[in-house]
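To keep things clear, I will list the structure first and then write my remarks on it.
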Amino acid sequence: MSSEFVEEEKTEKRKFSRVSFKEAVQYTLGDSHEFAGSLAQDIGEGGLRLQLNDFVPVNSKVTVEMVLGESVRTKLITLNARVAWNQRMRYSDQYQVGLEFSRDNSSGEAKQEISQYLKSRL
């Protein structure tokens, strides 16, 4: 009896490209006003990937604060997001969490800042 290994093709589901973004960010979960810190992994116009110490369920509401830009022109932006996916990191107690920015973000300015940041990195 022979066994064959069939490799699954991974389908890219992202609508936007991502760039590396190894920066500290602050976030709150749900209606909490207590911020926690995290290290971002990458960013795109549609979302952000974080590395967290705790499990956060899919569809959880998250508010993220981060600084974008160079030292001369930095800007603190705040965005609402939801957890689109989570995955426990191999050999670790930490999690990778994919955040999808909400369409209801009060300021289009924040998304514009992200777009400008991405253009400067591509």
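Worth a mention:
- Selection over the stretch 25-73 of residues that are touching a helix residue (DSSP H, G or I) at 6+ places or on another chain (Cβ under 9 Å) and in a loop (DSSP other than H, G, I, E, B) gives a count of 3.
- Consider the stretch 74-109 and keep the residues that are among the basic types (Lys, Arg) and part of a strand (DSSP E or B). The one that is surrounded by the most Cβ atoms within 10 Å (Cβ to Cβ) is Arg82.
- Looking only at the stretch 6-59, and only at residues there that are under 13 Å from Trp85 (Cα atoms), exposed (fewer than 15 other Cβ atoms within 10 Å of the Cβ) and not aromatic (Phe, Trp, Tyr), the one that is modelled with the lowest pLDDT: Arg14
The values are calculated or read from the model by the stated rules, or taken from the named source; none is laboratory data. A quick note: this is a predicted structure, and the numbers were derived from the prediction, not measured. Glycine also receives a Cβ, built like all others from the backbone with ideal geometry; neighbour counts cover every protein chain displayed.
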